[in-house]
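> After the structure tokens below, expect a handful of questions from me.
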Amino acid sequence: MAIYRKLEKEDKEKLVGIFQQPSAMYDYREFDEDALIADENCNCIVIENDGEIAGFASFITYRVPTKGLVGRIEDVIVDEKYRGQGLGRGVMEKIIEIAKEKKVSLIDLTSNPKRAAARKLYESLGFEIHDTGVFRLKIK
């Protein structure tokens, strides 16, 4: 049975293994569990399945002058051996529940076009694709 809970300090070691999986496409080197746990605007959710860490997702909230409180989903990942069991849907539903509790006006996320299953999941939950260009400036 899956449990969706807050990130704890001792989770990092196990999560790094999931972030390093070839299909993950994430750089875990910036993962600072102390900062994430302390940040009240960052809701980091760990997926546990039968006592094992099976995945992770984060939900960040912030205020925008023209939209109010908005949210952004980042770093959704399910361990390869647990995929196809509904854990991704479960963590997304948990995030939507948190967003409603916080009275968030909208949620944004990005998803690589190569991640067809993830994109299908997001659409099934009511997310709509927006044709906008994402600009990014790396500071480091």
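The values are calculated or read from the model by the stated rules, or taken from the named source; none is laboratory data. Only a predicted model underlies this, so the values are computations on that prediction, with no experimental measurement involved. All Cβ positions, glycine included, derive from the backbone under ideal geometry; neighbour counts span all protein chains shown.
> Go through segment 12-48 and give me each residue that's touching a strand residue (DSSP E or B) at 6+ places or on another chain (Cβ under 6 Å) and without any contact (Cβ under 8 Å) to a residue 12 or more places away in the chain.
Residues satisfying the conditions do not exist here.
> Only one of these is under 20 Å from Glu33 (Cα atoms) and touching a residue at least 24 places away in the same chain (Cβ under 8 Å): Ile96, Ile60, Ile77, Ile107. Name it.
Details: Ile96 fails: under 20 Å from Glu33 (Cα atoms); Ile60 fails: touching a residue at least 24 places away in the same chain (Cβ under 8 Å); Ile107 fails: under 20 Å from Glu33 (Cα atoms).
Residue meeting the stated conditions: Ile77.
> Still on this model: Out of Val104, Val76, Val134, I need the residue that is surrounded by 10 or more Cβ atoms within 10 Å (Cβ to Cβ), more than 13 Å from the chain's Cα centre (by Cα) and not in a helix (DSSP H, G or I). Which one? Talk me through it step by step, then tell me what you get.
Values: Val76 fails: more than 13 Å from the chain's Cα centre (by Cα); Val134 fails: surrounded by 10 or more Cβ atoms within 10 Å (Cβ to Cβ).
Answer to the check: Val104.
> Would you point out which residue out of Gly51, Gly133 is out of contact with any strand residue (DSSP E or B) (no Cβ under 6 Å at 6 or more places or on another chain), modelled with pLDDT under 95 and closer than 17 Å to Arg5 by Cβ?
Working: Gly133 fails: closer than 17 Å to Arg5 by Cβ.
The conditions single out Gly51.
> Related question: If only one of Gly71, Gly84, Gly90 is assigned to a strand (DSSP E or B) and not β-branched (Val, Ile, Thr), which one is it? If you could, list the steps in order and put the result at the bottom.
Numbers: Gly84 fails: assigned to a strand (DSSP E or B); Gly90 fails: assigned to a strand (DSSP E or B).
After applying the criteria, what remains is Gly71.
> Another question, if that's okay. Every residue in segment 7-44 that is in a helix (DSSP H, G or I), touching an Asp or Glu at 6+ places or on another chain (Cβ under 6 Å) and either within 21 Å of Met92 (Cβ to Cβ) or of a type in the set (S, T, N, Q) (or both), please.
The first filter runs over segment 7-44 and keeps only residues in a helix (DSSP H, G or I), leaving 9-19, 28-30, 33-38.
Narrowing further to those that are touching an Asp or Glu at 6+ places or on another chain (Cβ under 6 Å): 9, 12, 18.
Hit for segment 7-44 is Ile18, nothing else.
> Also: Within the group Leu15, Leu69, Leu7, which residue is closer than 24 Å to Asp131 by Cα and surrounded by 14 or more Cβ atoms within 10 Å (Cβ to Cβ)?
Working: Leu15 fails: closer than 24 Å to Asp131 by Cα; Leu7 fails: closer than 24 Å to Asp131 by Cα.
Being closer than 24 Å to Asp131 by Cα and surrounded by 14 or more Cβ atoms within 10 Å (Cβ to Cβ) holds for just one of Leu15, Leu69, Leu7, which is Leu69.
> Here's a follow-up. Which one of these does Tyr4 not meet: (1) without any contact (Cβ under 8 Å) to a residue 40 or more places away in the chain; (2) assigned to a strand (DSSP E or B)?
Result: Tyr4 fails condition (1) only.
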